[in-house]
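Read through the structure below, which is laid out as structure tokens, and then see the notes.
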Amino acid sequence: MGRQQLPPQIRKREVLDRRTGKTIIRYELVVDAGVHPETGRRRQVRRRFPTEKAAKDALTEIAGQVADDTYVPRKAVTVDELCADWLGSLHNVRGTTRSSYEYNLAPVREQLGDLAAQKLTRRHVDELIETMRKGGSLTEAGRARKPWAARSVNKMLENLVAALDYGIERRELGRNVAEKIKKLPLTTKQMDTYTPDEIRKVLAKADGHRVGQLAYLALSGFRRGEISGLRWEHVDLTAGIITVTTSRAVVSKTVVDGAVEENAPKTAAGRRTLPVDAGLVTVLKNARKRQAVERLALGEAYSAEGYVVADEAGRAYFPNTIGRLWHEITDEAGVRQIRLHDARHSAATAMHLRGVPMAVIAYWLGHTDASFTQRTYAHSQDDELRKAAASLGAVVTSCDTEAGSGA
């Protein structure tokens, strides 16, 4: 049986090896690759391969891709350019969201940015993930990064997958090398919440603090951004009602007190109207009186923005400053230091331990899904666990006693 002829798209050629100066055999592939989607012109692929088999395999692959309309020509777009293009295409996201995406993708762009996107491999991504877990990679400013937590690495991977999908959509990539990479397992942190006694100590200290209303609002379950964005027009002191309509957040994660963005809550559940008790109403009335005195003292220089938690000139605090003020109050109260967000957890836990239905807690906190609230707050504090142990011990003792008397 004679040797099969080469397909018409493949030609055997003798070419000069520039390194050795010798003549070598190469198999040149010239194949029609359909019509360019933007210019409408016919496209041809012209490549050379060291073996006949490699040329035939490439012909089969390209012909199949052309038939399936999945062929992607070689392009020089880099990983950095692709990430930038994807970020630029996100027209309907908030500035804070875009900033978080930029932060998540920073290691990708710094370490793989110069690589042609079509040459990116899964191994590149796997090695980057390991680097981020170990720490030590340099930021753009030349500082060594601390090890990233699993949640942060997963966010980086999510955004990279989205950017590569965008490249496929743009016909700049043929496949997504990161889409099959599994996310890192997350470890659930035990929430750190205040006991009722600690809450009372914090509020007692807050009563004498200039912005003590901040601690009351935090321990009533409001988010940092909601506290920062709350205005007096959203507080009805007569009816005892607070309406959450805005949230303030720092746009850039890389700047301590950078630009601040004010928006409506991200979800419909986040916009909510809540009744407040007489104690909080009194605290807010006192805060308003204090601001009125400061406004009279400062005159026209006092800001008319009307924020509930504001500096001496009536200006809203940066969200980051809200957190620092919280720690200032709790430090003066002599209690354990917990995050401002843990004050929100403390409020939810207190409601849960007092039998408030999960659906009500979910609405109060602005959660869309009550099952998320259930998973998050279906736990008890140490004191409550000890009470449960004592109750169980009483039952077990009774059972043992009864068993012993009947023997």
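Annotations for the structure displayed:
- Check: region 79-169 dipole with +1 on Lys, Arg Cβ and -1 on Asp, Glu Cβ, in debye: 500
- Ordering of 320-326, 202-208 by burial proxy (mean other Cβ atoms within 10 Å per residue, highest first): 320-326, 202-208
- Proxy reagent accessibility, fewest Cβ within 10 Å first, across 143, 231: 143, 231
- For the chain, the residue among 95, 137, 306 whose Cα projects farthest onto the positive side of the dipole built from Cβ charges is 137.
- Stretchable slack from residue 332 to residue 61, in nm (0.36 nm times residue separation minus alpha-carbon distance): 90.6 nm
- Sequence-distant residues sharing a close amide H with residue 366 (under 5 Å, placed H): none
- Peptides 340-353, 364-377, 18-31 ranked from most to least packed by the mean count of surrounding Cβ atoms within 10 Å: 340-353, 364-377, 18-31.
- The fraction of all Cα pairs in region 196-347 landing in successive 5 Å bins from 0 to the largest distance is 2, 9, 19, 23, 22, 16, 8, 2, 0, given as whole percents.
- Only Lys, Arg (+1) and Asp, Glu (-1) charged, at Cβ; region 280-353 dipole about Cα centre in debye: 260
- Sequence-distant lysines (8 or more away, or on other chains) whose Cα lies within less than 29 Å of residue 146: 119, 134, 155, 180, 182, 183, 189, 253
- The lysines whose alpha-carbon is closer than 16 Å to the alpha-carbon of residue 56, local same-chain residues fewer than 8 away aside, are 12.
- A straight chain from residue 158 to residue 288 at 0.36 nm per residue would run longer than the Cα-Cα distance by 42.3 nm.
- Overall form of region 79-169 per C-alpha gyration tensor (a/c, 1.5; a/b vs b/c): oblate
- Over the chain, DSSP H runs of length four or greater, each weighted -39,500 (n - 2.57), average out per residue to a 222 nm ellipticity of -15000 deg cm²/dmol.
- Principal-axis tilt of helix 196-206 within the chain, Cα atoms, nearest 10 degrees: 80
- Treating each Cα of region 274-382 as an identical point scatterer and summing with the Debye formula, the log10 of I(q)/I(0) at q = 0.16 Å⁻¹ comes to -0.95.
- Think of each Lys and Arg Cβ as +1 and each Asp and Glu Cβ as -1; about the Cα centre, that makes the dipole of region 10-68 roughly 400 debye.
- Seen through its C-alpha gyration tensor, with square-root eigenvalues sorted a ≥ b ≥ c, region 160-238 comes out oblate because a/c lies at 1.5 or above while a/b is not bigger than b/c.
- Note on residue 12 and residue 134: the model spin-label points, each 7 Å out from Cα along the C-beta direction, lie 4.9 nm apart.
- Phi-based couplings in Hz for region 296-310 (Karplus 6.51, -1.76, 1.60; Gly and Pro marked x): 5, 5, 8, x, 5, 6, 6, 5, 9, 6, x, 7, 5, 10, 9
- Ratio of the Cα radius of gyration of the chain to 2.2 N^0.38 Å, where N counts its residues: 1.46
- Expressed as a fraction of 2.2 N^0.38 Å, the C-alpha radius of gyration for region 10-68 is 1.35.
Quick note: the coordinates plus some simple rules give every number you see, no bench work behind them. These figures come from a predicted structure and were not determined experimentally. Using ideal geometry, Cβ is built from the backbone for each residue, glycine included, and neighbour counts are taken over all protein chains shown.
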